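In what follows, a structure is listed as C-alpha cells, so that the remarks can point back to it.
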Amino acid sequence: MKLNRYPRPTEHYDKQLHQVDEQICALLKQRKELSNNNRINRRNNNTFELFISKQYDCWLKRAGGSIGHLTYHFIVSPTLPDDISEIDLVFKEYSDTIKDKPTGLEIVMNLE
C-alpha cells in the first residue's frame, strides 16, 4: 500500500502515531493480498430465517450471492398446500449465522 501525501485537514499530527499508521497500512496491504482483493470477504454475515406457522418447519438449504444480490433457498416441511392464499411468509434477519442476534428487520409476504 502506498502512502499518499496530501495536505492534512489539520496542522496537528502526533508523530508518535506514525509507526502505528505504517503498521496499519502494512496489515491492510497484507489483507488485500491474502484475499486476492476479494471484496466479498468484507461483507457481514447477516442471515435470514423463514417462519410460516407452527405447523411448518423451515430451514435454510443454501445461500449465496455477490455484491448487491443475495439468494436464499429454504426447505419447508410438510409441503405447502396448492392453495397458498392466506399464508404469510415471515423472514427475520439475524446479524450472525447461529441466529442469536436479531437485527429487528422482519419482512412479511402475504401470499394471495
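The values are calculated or read from the model by the stated rules, or taken from the named source; none is laboratory data. Nothing here was measured: the structure is a model prediction, and the numbers come from that model. Cβ atoms come from the backbone with ideal geometry, glycine included; neighbour counts cover every protein chain shown.
Please count how many residues of segment 1-17 are modelled with pLDDT of 75 or more and either surrounded by fewer than 10 Cβ atoms within 10 Å (Cβ to Cβ) or in contact with a Pro (Cβ under 8 Å, 6 or more places away or on another chain) (or both).
Summing the residues that are modelled with pLDDT of 75 or more and either surrounded by fewer than 10 Cβ atoms within 10 Å (Cβ to Cβ) or in contact with a Pro (Cβ under 8 Å, 6 or more places away or on another chain) (or both) in segment 1-17 gives 3.
Quick one: is D83 out of contact with any Leu (no Cβ under 8 Å at 6 or more places or on another chain), free of Cβ contacts under 8 Å to residues at least 12 places away in the same chain and of a type in the set (D, E)?
In short, yes.
Can you tell me how many residues in segment 50-85 are over 17 Å from M109 (Cβ atoms), acidic (D, E) and surrounded by fewer than 10 Cβ atoms within 10 Å (Cβ to Cβ)?
Number satisfying all stated conditions: 1.
Restricting segment 18-58 to residues that are polar (S, T, N, Q) and assigned to a helix (DSSP H, G or I), which is modelled with the lowest pLDDT?
The qualifying residue modelled with the lowest pLDDT is N41.
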